[in-house]
1. Arranged by the count of other C-beta atoms within 10 angstrom, fewest first, what order do Met191, Met109, Met176 take?
2. Length gain on complete extension for the stretch Ser87 to Gln126, per 0.36 nm per residue less the alpha carbon to alpha carbon distance?
3. Would you calculate the separation in nanometres between label points at Asn167 and Ser95, each defined as 7 Å from the Cα along the Cα-to-beta-carbon direction?
4. How high is the FRET efficiency between Ala230 and Asp63 when r is their beta carbon distance and R₀ equals 30 Å, given to the nearest 0.05?
5. Within region 149-171, which residues have the backbone N less than 15 Å from the label spot 7 Å out from Gln116 along Cα→beta-carbon, could you tell me?
6. If I take every Cα pair under 8 Å that is 6 or more residues apart in region 187-242, average their sequence separation and divide by the length, what percent do I get for the relative contact order?
7. Excluding residues fewer than 8 places away in the same chain, name every one of the lysines whose C-alpha is closer than 18 Å to that of Lys123.
8. Please report the relative contact order for the chain, taking Cα pairs under 8 Å with a sequence separation of at least 6, and give it as a percent rounded to a whole number.
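FYI, it's all coordinate maths here, none of it is from the lab. A quick note: this is a predicted structure, and the numbers were derived from the prediction, not measured. Here Cβ is always computed from backbone atoms with ideal geometry, including for glycine, and neighbour counts include all displayed protein chains.
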Amino acid sequence: MTDTTHALELNQIRKSFGPVDVIHGIDLAIEDGEFVVFVGPSGCGKSTLLRLIAGLDDPTSGDIVLKGKRVNGIPASERGLSMVFQSYALYPHMSVRQNLSFGLENMRMPREEIAQRVDAAAKMLQIDHLLSRRPGQLSGGQRQRVAIGRAIVREPVIFLFDEPLSNLDAELRLQMRVEISDLHAKLGNTMIYVTHDQIEAMTMADRIVVLRGGRIEQVGRPLDLYNNPANRFVAGFIGAPQ
Ligand code: ADP
Ligand code: MG
């Protein structure tokens, strides 16, 4: 019997690309409202795992369960998730308002509701004065806010972030880290945040999932991993200096 209180369950997820096994049987349950960070070195399968959750690709085997419902094979647009990427992928020829509205227009949402959601998200992200600009007229941080705004207006049950800050400079990264944590506090949604940055993981996560080579090395609260790393790899990545 599936526990429907979990926002997300991954049951024995495997993924191969041709002969290459990339994800080797991942089990994980994420609670409603949790901020979970997937951390691990480049190439360990973080993006692949996020894409499987999002429905942008399908696992080779294993089940993905959202709110008690198996969603394998269900298209991304019907899973009720929003993903924010490292590259903002904004439409350069559209205004910020149009960029924020576009996905909702495709869902045939009434105009007034679109405007309401866009205005609320823009206000929350403090980009309400930029709505008539085009992406080319924005700073990197403003563009990333628009990308996050595009995720917010869909009112997803889960937010997925794939290294959203890695293109930003150090100072802005710090600021956006705080803003995303504030956003989580405000919205209370389940968020899954992928990074290779240990400090992001330590400061943002309710729970950290440490990945290596397509396997989970350890799952736990930041301080528990820091104080009691399961092995040398976790210690080297997260733990206190040995
Ligand atoms: P991460 O996001 O942790 O850096 P990825 O999930 O992008 O890692 O990649 C994990 C592994 O899977 C890498 O070895 C990568 O080369 C491989 N991979 C990812 N996507 C594909 C694909 N579409 N085809 C073949 N190999 C892929
Ligand atoms: Mg990646």
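1. On the way: Met191 26, Met109 16, Met176 20.
So the residues, fewest neighbours to most, are Met109, Met176, Met191.
2. Values: separation 39, 0.36 × 39 = 14.04 nm, distance 2.04 nm.
Length gained, Ser87 through Gln126: 12.0 nm.
3. So the label points at Asn167 and Ser95 sit 2.3 nm apart.
4. Calculated transfer efficiency: 0.75.
5. Taking a point 7 Å out along Cα→Cβ of Gln116, the residues of region 149-171 whose backbone N falls under 15 Å are 153-155.
6. Details: 57 pairs, mean separation 13.1, N = 56.
Value for region 187-242: 23 percent.
7. Lys186
8. Numbers: 443 pairs, mean separation 63.3, N = 242.
For the chain, the relative contact order is 26 percent.
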